[in-house]
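Structure first, then comments.
The values are calculated or read from the model by the stated rules, or taken from the named source; none is laboratory data. Remember, predicted model here, so these are calculated numbers, not experimental data. Here the Cβ positions follow ideal geometry from the backbone for every residue, glycine too, while neighbour counts run over all protein chains shown.
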Amino acid sequence: MADIELSHVDKVYEGAEAPAVRDLSLKIADGEFMVLVGPSGCGKTTALRMVAGLEDITEGELRIGGRVVNDVPPQGRNISFVFQNYALFPHMTVYDNMAFGLKLAKVDKATRDKRVRETARMLGLDEYLNRKPRALSGGQRQRVAMGRAIVREPQAYLMDEPLSNLDAKLRVSMRAELARLQRDLNVTTIYVTHDQTEAMTMGDRIAIIRRGQLQQAGAPTELFYKPKNLFVAEFIGSPSINLVESSLRADGDSLYADVAGQPLLIDPEALSERPALRGYAGKRLIIGIRPQDFEVGVAGTRRRGCQVEAKVELVEALGTETNVHFCVNAPPVITDEVLELAADLGKDEATRVERKARAGRNEFIARVDPKTQVRNGDTITLAVDTAQMHFFDPETGQAIR
Amino acid sequence: MTSVAAPAGGAQGKQARSRSSTIIYVSTGTVLSILFLLPLVWAVLRSFMQPSDITAAPSARAFGHLTVANYSGLITGSIHILRYVGNSVLVAGGTAVLTAVLATLAGYGLGRTRFRFRGSNVVFALILVTLMVPFQAILTPLFLELSFLHLLDNWLGLILFYSTFNLPFGVFVMRNSFMAAPSELEEAAYCEGAKVLTTLRTVLLPLVMPGVATTMLYAFLFAWTEFLGALTFITSINRLTLPVALLNVETGTFGQVNYGFLIAGAVIAMVPCAVLYVALQRFYVTGITAGGVKG
Amino acid sequence: MTQETIQTAAGQRWAGRGTGGTTRPGKRRTGIVRRPKIGMLFVMPAFVFVAVFVLFPLGFAIYMSLTNWPLIGAYHFSGVHNYAALGKDPGFIHSVLFTLLYTGIVTVPILVVGYGLAVLIRSNRRGSVFLRTAFFLPYVIGLPTLSYIILLELQPNSGAVNWVLARLHITNGATAWLVNTNLALAATCILVIWFASGLTMVLLLGAMQGISDDLYESADVLGASWWEKERYVTLPLVRPTIALSLIISIIGSFLAFNQFFILTQGGPGTSTFTVVMWIYQTAFVQLHVGAAAAMSVVLIAVVGVISFVQFLLLRSNT
């Protein structure tokens, strides 16, 4: 067991213009479950492979257990790596696959056998020990890959999207099992995924990476409630945060945000936590409101100045929650981050975002109590929890604090 | 400095490549490529030496009087090497074309499910059986057969023979090519009213062109370098193909033995192969990996 | 052809008339119409060629082996006499032994060199393509041309081989390569290894490059050294291709003709005759076609068995 520390790590590929990983500094404590998450190509897998030794580190230092390991090959780092495609040796049985690392480490046969069988039992693989990978299902193969990692009792587990090849239902159940396993074994783990839900549910801490740079690292709740920039705010949370450009108006000591013509009073407590906000009076900025922070207006809502009128365009009644789609009379926010995340979801999503931008539609989603009676076409009043509003600088995308 | 030696595996952009592994790679690669290519390069040099230098003890003076006499002698002298080059071009070209046509048709018939007929697997197997029968061993009956068909000493006979033995590979490649073509295109053409041959020509042929190119390349190179069959089946001196013509140069049938002529002739035989191969490499390599090579 | 005409637009009427109910045998109600006859038509030419130039001569060879045909003239049926006589034909026996010896010498080096070449260039670094081209070029150029080139250099007093050997003080530089059986065999073996290792390399390269990088990286992380990776990952996974290369190489060696014919014409004496050369000699020089046919049949049988084994091996691996 060991802690892992990356200090100002850079990775530049030969002939590439931009670095794949830029100035990454991250500390993973002993026994911690750290998730690296971000859109495709952001460098998270590269970072993981550098920790494993499968990629060179261009600049910076990597320490495992306090020891600088930049120049140590993977063989010498005593870590286990679980590949996205499992990388099971097709010509070896499950038993041999799991025992291989121990055999190379010259562990004696008796110990080898004991450890392999114990791990197999832990993972429910004891019946399959004599089978070859091609005779196993996807889920079973995934468990063999895990078993191979566990049996070596390494200092750390490094996992590269190990669940992404499983079908959705299996993925969800494996997620829980994996998290439980890690807790029981208490081994330092770095886990890479592009699925933010996975990140939120599994990690002790999450590190969001974009274009090779660390955006924010912290506990899931921290990232959710206190995103440091637009990218993090947009990446975390489903449905994504609603964004709108707005201007701030000072009225005495209070600040109002003009959201599509409707003024919203900024909660004074929130204001005191964000002193820089005052500097934006009279200026434009980007406001983010999470879908959860809306509530269908009850008659005589508590706070004056915290409501918006909305014409309902679509109601998604999902049973556990209801999503209400409505348009806001303001142009949509199309920043780099927005486009990048849309592109990450696929070409269709990117086209959709572009089309909406051209049509000038800004679509908001509000998540409301499922028992609320809302129908398409209704004009409703939504209360906004302005204490939870997020503010971002329109040039830099940084959160305004 | 890492202690890992040349790592195994395919694309290496990722694994830490120590300097020592690069040194091993470069030095071994250089030495081996010299070993493999030197005789060929040297042959070209030789071909420009005076015949008297070639048969004498080697010395640096030979480089002093390089000449094209060997080539000019071959071309304009009594040997008329171009005649044999022409014969080889004709035979190899004919083989390439005939093989391509036969293999494409057969591959089409075997590769598209709608053409499946009872026994198509048997026919395919029989065509592949050719691979198990070495032509060297059926030379004698073939000789008699060709004689009976009046195809002895006849380029057509040689072409037919060469094509047959390139068919297994060609049919295999073309069948795979056709099997890989999406059926939607065929169906679309069909809806537009195209008949079978038209469909083949306009829709499928562009798709399977790489397979055709591979088949033609293999067939051409096979026919160009083939020796025993040409030796056996062509008897008139004027009709010989290049490899056998060179044999006659070696044994002095054309007059006295002239090593200058021999090596110049060998270079003439070598150059088209090398050029074709280097230029069309991708067709050659895909052909081999596709078949897991059968012959 | 009316049955196969499709009436457009409506889409209901496919093979002939009527919808619903049972399909006619061999025709489907939807999907593209089957045309087995056209299929047969397309395959026929290739098949005819194979039948005429491979299958028929095969049968003919067996028939001929049971006669004592003198190529020109009448022949008589003589049963298995030719086969029995083979055992007493010293030339044939010698050629078989020589061919086996030759095969025994070159087979392993071709494999080892080919394997080594594949290992060298499989990582696709800069220059790999050049190396691959260089190593495969001799194979493409063909054995006859290579033989002519080497012939020149094996000449005792003017060839490059002796010159180099003399400079390296390995020999005195006057070795007469081609008039001594063992020396000629040695030189030819080296020639063939140069020629054929390129093919083995390409075959093995294909197999090696099909092994996912993940497996090697996985082995790295598990602590494997270079040799352990080769032994536990590469070798087991390329074993079928090694078997394939071996068989192709062995069959090729059994059928050797060109290089010996060009370099030594079988000499000195008949000491460097291979089986195929002996068959050629028997059929076209001595005109004992029946005997030659018997030899051919034996050769075909041996090669056939080996090919069949290869075929089975391939089948079991795909």
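Annotations for the structure displayed:
- Selection status of C:Ala293, touching a residue at least 24 places away in the same chain (Cβ under 8 Å), away from chain A (no Cβ under 14 Å), crowded, with 23+ Cβ neighbours inside 10 Å and assigned to a helix (DSSP H, G or I): yes
- Test: residue in region B:167-178 that is within 7 Å of chain C (Cβ to nearest Cβ), free of Cβ contacts under 8 Å to residues at least 60 places away in the same chain and crowded, with 18+ Cβ neighbours inside 10 Å: no
- Within region B:96-123, tally of residues that are more than 7 Å from chain C (Cβ to nearest Cβ), more than 20 Å from B:Leu205 (Cβ to Cβ) and part of a helix (DSSP H, G or I): 2
- Within region C:145-160, tally of residues that are of a type in the set (Gly, Ala, Ser), facing chain B (nearest Cβ under 7 Å) and either assigned to a helix (DSSP H, G or I) or under 14 Å from B:Cys273 (Cβ atoms) (or both): 1
- Yes/no for C:Gly104 being part of a helix (DSSP H, G or I), without any contact (Cβ under 8 Å) to a residue 24 or more places away in the chain and more than 13 Å from chain B (Cβ to nearest Cβ): yes
- Evaluated against (1) over 18 Å from C:Leu299 (Cα atoms); (2) touching a helix residue (DSSP H, G or I) at 6+ places or on another chain (Cβ under 8 Å), C:Arg126 falls short on exactly one condition, (2).
- Residues that are out of contact with any helix residue (DSSP H, G or I) (no Cβ under 7 Å at 6 or more places or on another chain) and surrounded by fewer than 16 Cβ atoms within 10 Å (Cβ to Cβ) within region A:365-393 comprise A:Asp369, A:Pro370, A:Lys371, A:Thr372, A:Gln373, A:Arg375, A:Asn376, A:Gly377, A:Asp378, A:Thr379, A:Thr381, listed in sequence order.
- Cβ pairs under 7 Å, 6+ apart, first in region B:24-42 and more than 7 Å from chain C (Cβ to nearest Cβ), second of a type in the set (D, E, K, R) and part of a helix (DSSP H, G or I): none
- Test set (1) within 13 Å of another protein chain (Cβ to nearest Cβ); (2) among the aromatic types (Phe, Trp, Tyr); (3) in contact with a helix residue (DSSP H, G or I) (Cβ under 6 Å, 6 or more places away or on another chain) - B:Trp155 fails condition number: (1)
- A single member of B:Val285, B:Val278 is β-branched (Val, Ile, Thr) and at pLDDT 75 or above, and it is B:Val278.
- Counting only residues that are part of a helix (DSSP H, G or I), in contact (Cβ under 8 Å) with a residue 24 or more places away in the chain and within 24 Å of C:Pro144 (Cβ to Cβ), region C:161-218 holds 22 of them.
- Only one entry in C:Trp227, C:Trp163, C:Trp194 is surrounded by fewer than 22 Cβ atoms within 10 Å (Cβ to Cβ), in contact with a helix residue (DSSP H, G or I) (Cβ under 6 Å, 6 or more places away or on another chain) and within 10 Å of chain B (Cβ to nearest Cβ), namely C:Trp194.
- Residue match in region A:58-79 (condition: within 23 Å of A:Gln216 (Cα to Cα), away from chain C (no Cβ under 14 Å) and of a type in the set (A, V, I, L, M, F, W, C)): yes
- Members of region A:58-79 that are within 14 Å of C:Val221 (Cβ to Cβ) and surrounded by fewer than 24 Cβ atoms within 10 Å (Cβ to Cβ): A:Ile64, A:Val69, A:Val72, A:Pro73, A:Gln75, A:Gly76, A:Asn78
- Condition check for C:Ile242: touching a residue at least 40 places away in the same chain (Cβ under 8 Å), within 14 Å of chain A (Cβ to nearest Cβ) and out of contact with any strand residue (DSSP E or B) (no Cβ under 7 Å at 6 or more places or on another chain): yes
- Taking region A:189-282 and the helices (runs of 4 or more DSSP H) fully enclosed by it, the elements with 2 or more residues that are over 14 Å from the mean Cα position of the chain (by Cα) are at A:268-273.
- C:Gly206 within 30 Å of A:Ala87 (Cβ to Cβ) and within 8 Å of chain B (Cβ to nearest Cβ): yes
- Residues located in region A:1-57, provided they are over 22 Å from the mean Cα position of the chain (by Cα), in contact (Cβ under 8 Å) with a residue 12 or more places away in the chain and surrounded by fewer than 15 Cβ atoms within 10 Å (Cβ to Cβ): A:Met1, A:Ala18
- Matching residues in region A:338-375 - criterion: being over 20 Å from the mean Cα position of the chain (by Cα) and in a loop (DSSP other than H, G, I, E, B): A:Gly360, A:Arg361, A:Asp369, A:Pro370, A:Lys371, A:Thr372, A:Gln373, A:Val374, A:Arg375
- Residues considered: A:Val151, A:Val116, A:Val82. Of these, the only one that is modelled with pLDDT of 90 or more, within 14 Å of chain C (Cβ to nearest Cβ), crowded, with 21+ Cβ neighbours inside 10 Å and farther than 26 Å from A:Thr193 by Cα is A:Val116.
- Residue within region A:371-386 that is at pLDDT 85 or above and of a type in the set (Asp, Glu) present: no
- In a residue-by-residue description of region B:276-284, the property of being closer than 30 Å to B:Leu142 by Cα and either assigned to a helix (DSSP H, G or I) or out of contact with any strand residue (DSSP E or B) (no Cβ under 7 Å at 6 or more places or on another chain) (or both) applies to at least one position.
- Test: residue in region B:257-273 that is at pLDDT below 75, within 28 Å of B:Gly170 (Cβ to Cβ) and not hydrophobic (A, V, I, L, M, F, W, C): no
- Test: residue in region B:81-92 that is at pLDDT below 90, surrounded by fewer than 22 Cβ atoms within 10 Å (Cβ to Cβ) and more than 28 Å from B:Ala213 (Cα to Cα): no
- Residue that is farthest from the chain's Cα centre (by Cα) [pool: residues in region B:66-80 that are crowded, with 16+ Cβ neighbours inside 10 Å and under 19 Å from B:Val44 (Cβ atoms)]: B:Ala69
- Flag if C:Val221 is in contact with a strand residue (DSSP E or B) (Cβ under 7 Å, 6 or more places away or on another chain) and crowded, with 22+ Cβ neighbours inside 10 Å: yes
- Which listed residue is within 14 Å of chain C (Cβ to nearest Cβ), modelled with pLDDT of 90 or more and touching a helix residue (DSSP H, G or I) at 6+ places or on another chain (Cβ under 9 Å), from A:Tyr95, A:Tyr157: A:Tyr157
- Flag set for B:Thr198, criterion: over 22 Å from the mean Cα position of the chain (by Cα) and either surrounded by 19 or more Cβ atoms within 10 Å (Cβ to Cβ) or part of a helix (DSSP H, G or I) (or both).
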